[in-house]
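The values are calculated or read from the model by the stated rules, or taken from the named source; none is laboratory data. This one's a predicted model, so the numbers in the text were calculated from it and none came from an experiment. Cβ atoms come from the backbone with ideal geometry, glycine included; neighbour counts cover every protein chain shown. We work out accessible area using only protein heavy atoms, side chains counted, and drop any ligands, DNA or RNA first. Shrake-Rupley method; radii C 1.70, N 1.55, O 1.52, S 1.80 Å.
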Amino acid sequence: MINELAVISGKGGTGKSSITAAFATISENRVVLADCDVDAANLHIIMEPEIEFTEVYISGEKAKIDHQICKNCGVCQDYCRFDAITFTEGKYSIDEISCDGCKLCERVCPVKAISMEKSDKSRMHSGNFRNGKMVYGRLEPGEENSGKLVAMVRNRCREIAGQEQIDTILIDSPPGIGCAVISSISGVNYVLIVTEPSMSALSDLERTLQLLEGFSLEKGVAINKHDLSPELTERIIDFCNSKGVGIVGKIPFNPEVVEAMINSKSIVEWNPLSNVSKEIVKIWENITK
Amino acid sequence: MFKIAVASGKGGTGKTFVSTNLYQTFIEYGINAVLTDCDAEEPNAASFFKTELIESKQVTQKVPQIDSSKCLFCGKCQDWCAYNAILIIKERGLSRVMEELCHGCGACSVACENGAITEKEMLLGEVINFSDNSGCKIVEGRLKVGVYTPVPVLKRAINSTYADLAIFDSPPGTSCPFIHTVNASDYVILVTEPTPFGLNDLKLSVEILQKMGRPFSVIINRAGLGNRVVHDYLKRENIELIMEIPFDKEIASAYSKGKLAVSGRPLLAAKFSSLARKLTDKIGGIAL
């Protein structure tokens, strides 16, 4: 059976990717690693994968008006609910940022002046890294449907895991609580929530746990940089206790984590004896036993 | 109104730290300014101020409902739906709307020839106004947990912002929520950290802003913690480094408790004053 483990956080910058990288290099067995933060993928910087395959991901479509055909009737603008059709300098045009790709303007245009163009600049890469296989998505900046690209990354991971007989898939999730996060955790076996001792992180953790209530998933919380605020760490522990969510570990603040990243290593590779490495190993053993 | 977005590709670089402290600096100068929290998935800015909730407005979206007594199960609405949010199975007399997939474009209502589709409002989140006696005004977009996209909520928050100067605390990333926020802004400050992750995400953000033609500059937060890759990149690309904030455990600790770091720290306050001056020089029309 394939085990899928997702590392999420709500708040950005709490240390998801550094912890995922450490997990990926602790395991004696090979893993399939998925970077699902398709907006701002970073794990490849530490893992330096050799890319074997690159696939095009169609994130959606945008409408385009052919001004040779357009009769300036304005019907498209009346129907568009995304305020994506503007009328300036005597002609109608599509505002690409606002266009949602619903195709309604194309369908209602009486003279067929509107067509849809595919957004095909996003990519999905897969290949080898030093402890297994890695898949990561690269959403073209500004494009939509990151949740669908996440689903595509995860499908590819399952395929590879099957072919290569690897039984662990590690998922580095995006921040937030929107579609990409939902897509990165649905159906996984375990969710590790990485938080840090701050009011902002606590408020984000509350919303993350609310989101997880909709899923029946096994989960635990790790408090990263816990010694930066013992007071907030206590509050987070109390909050988790009140919600019945277990604390699986408390990781100290240590600038060595940044040093490791600069050297394209995970913290457990860079210094297996550091207090951070020891705690991460403990967490890994805890959640995989 | 002049609008400044504080953004970053990478999460957790200090967007909210910069926007709340910069905002506090502007209101201490007596500027009529508003802070708009556009990170509707995880809004946090308001918690740094002692403001009270003034009003909250619901943000909704239209979703279709199908009257099965009028539906002929022709499937046209399903064909017209670009989001796979409608399922029609004629043999089973089944017509179903998956509301969480619906974007509210209205195509299905136009498609239906039998008058079987009407629309109702679905809650996406809220836009909340906070303020206090000292002239502090905060607008917060707050997504309902479980809703797929924050874009309609953050757009409404932006459209509910009125002042001489607005600071937008942007959502992280480089996809649609970020784009909608910077698209509504006149000037963008990118906050990054001096690490390879910070640099990678900074480059992505810079690429978009250059494509959009938005003027911007960069703040390096937690300087001293990483290496010089971001500094070298900025120099090479001729990008303005408008401020550097050194890493300081004490600042991190104050921030973690929900306190404004400029209060009671003259050195940091002077840095933010200098940032505010540089920004007003760029804007024109607003004097400190």
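Which of rounded, prolate or oblate describes the protein assembly as shown when judged by the alpha-carbon gyration tensor and an a/c cut-off of 1.5?
Note, shape of the protein assembly as shown comes out oblate.
With a point put 7 Å past each Cα toward its Cβ, work out how far A:Glu213 is from B:Asp232 in nm, to one decimal.
Using points 7 Å along Cα→Cβ, the separation is 5.0 nm.
Ignoring ligands and nucleic acids, what accessible area does B:His103 show with a 1.4 Å probe (Å², nearest 10)?
That residue has around 60 Å² of solvent-accessible surface.
Tell me the accessible surface of A:Lys243 in square angstrom (1.4 angstrom probe, heavy atoms of protein chains only), to the nearest ten.
Estimated to the nearest 10 Å², A:Lys243 gives 110 Å².
Can you list the residues, at least 5 places off or on another chain, whose amide H is less than 5 Å from the amide H of B:Thr60, using H built in the peptide plane?
Amide H neighbours of B:Thr60: B:Leu124.
With labels modelled as points extended 7 Å from the Cα through the Cβ direction, what inter-label distance (nm, one decimal) is found for A:Thr88 paired with A:Asp66?
So the label points at A:Thr88 and A:Asp66 sit 2.5 nm apart.
Taking a virtual spin label 7 Å from the Cα of A:Asn286 along the C-beta vector, which residues in the stretch A:193-227 bring their backbone nitrogen under 17 Å of it?
Flagged as within label range: A:193-197, A:218-227.
In the neighborhood of B:Ala166, defined by Cβ-to-Cβ distances under 12 Å, what is the net charge if each Lys or Arg adds +1 and each Asp or Glu adds -1?
Result for the local shell: -2.
At most 14 other C-beta atoms within 10 Å and a DSSP loop state: those are the exposed GluC sites (Glu not before Pro) I care about. Give me the longest piece of chain B that has none.
Between the exposed loop sites, the longest stretch runs B:114-239.
From the square roots a ≥ b ≥ c of the eigenvalues of the alpha-carbon gyration tensor of the stretch A:61-119, which class results: rounded (a/c under 1.5), prolate (a/b over b/c), or oblate?
Note, shape of the stretch A:61-119 comes out rounded.
Using only alpha carbons, build the gyration tensor for the stretch B:61-123 and give me the equivalent ellipsoid semi-axes, biggest first, whole Å.
17, 12, 11
Do any cysteines of chain B lack a neighbour Cys whose Cβ is under 4.7 Å away, and which are they?
B:Cys38, B:Cys71, B:Cys74, B:Cys81, B:Cys102, B:Cys112, B:Cys136, B:Cys176
Helix-only estimate, please: 222 nm mean residue ellipticity of chain B, summing -39500 (n - 2.57) across DSSP H runs of length 4 or more and dividing by its residues, to the nearest 500.
Estimated from H runs of four or more residues: -9500 deg cm²/dmol.
Can you give me the relative contact order of the stretch B:56-126 as a percent, contacts being Cα pairs under 8 Å and 6 or more apart?
Taking the mean separation of contacting Cα pairs over the length of the stretch B:56-126, I get 51 percent.
Have a look at the DSSP beta bridges in the protein assembly as shown and tell me what percent are antiparallel, nearest 5.
45
Over chain A, what is the relative contact order in whole percent, taking alpha-carbon pairs under 8 Å and six or more residues apart?
The value is 27 percent.
Only bridges whose two residues both fall in the stretch B:130-283 count here: according to DSSP, what percent of them are antiparallel, nearest 5? Each step should come with its number before you reach the end.
Working: 2 of 12 bridges.
Looking only at bridges with both residues in the stretch B:130-283, the antiparallel portion is about 15 percent.
Please state the relative contact order of chain B as a whole percent: Cα pairs under 8 Å, 6+ residues apart?
Relative contact order comes out at 27 percent.
Nearest 10 degrees, 0 to 90: what angle lies between the long axis of helix A:230-243 and the longest principal axis of chain A (Cα atoms)?
Around 70 degrees separate the two axes.
For B:Ile128, what charge total do you get from the other residues with a beta carbon under 10 Å from its beta carbon, if Lys and Arg give +1 and Asp and Glu give -1?
Net of charged neighbours comes to -2.
Please get the size of the charge dipole for the protein assembly as shown, origin at its Cα centre, with Cβ charges of +1 on Lys and Arg and -1 on Asp and Glu, quoted in debye to the nearest 20. Present the calculation step by step, with values, prior to reporting the outcome.
Details: 63 positive and 72 negative charges, 67 e Å.
So the magnitude is around 320 debye.
What angle do you read, to the nearest 10 degrees and between 0 and 90, between the alpha-carbon axis of helix B:15-28 and the longest principal axis of chain B?
Taking the Cα atoms of chain B, the angle to B:15-28 is about 60 degrees.
Give the residues of the stretch A:180-212 whose amide nitrogen is closer than 20 Å to a point set 7 Å from the Cα of B:Ser56 in the direction of its Cβ.
A:200-212
As a check on your grasp of the helix formula, calculate [θ] at 222 nm for chain A: sum -39500 (n - 2.57) over DSSP H runs of n ≥ 4, divide by the residue count, round to the nearest 500.
That calculation yields -10500 deg cm²/dmol at 222 nm.
Counting DSSP beta bridges with both partners in the stretch A:118-220, what percentage is antiparallel, nearest 5? Can you show the working numbers first?
On the way: 7 of 10 bridges.
So the antiparallel bridges in the stretch A:118-220 amount to around 70 percent.
So which trypsin sites (Lys or Arg not before Pro) in the stretch B:183-288 pass both tests, a DSSP loop state and at most 11 other Cβ atoms within 10 Å of the Cβ?
Qualifying residues, ordered by number: B:Arg228.
Just to confirm the number: angle between the C-alpha axis of helix A:199-213 and the first principal axis of chain A, 0 to 90 degrees, nearest 10?
80
How far is the Cα center of the stretch B:228-288 from the Cα center of the stretch A:152-189, in Å?
Computed from Cα coordinates, the inter-centre distance equals 38 Å.
What is the magnitude of the charge dipole of the stretch B:1-58 about its Cα centre, with +1 placed on the Cβ of each Lys and Arg, -1 on the Cβ of each Asp and Glu, and no other charges, expressed in debye to the nearest 20? Spell out each step's value before the answer.
Details: 5 positive and 7 negative charges, 38 e Å.
In total the dipole reaches around 180 debye.
Just to be sure I understand the model, the point goes 7 Å from the Cα along the line to the Cβ. What's the resulting A:Ser186 to A:Glu28 distance in nm?
3.7
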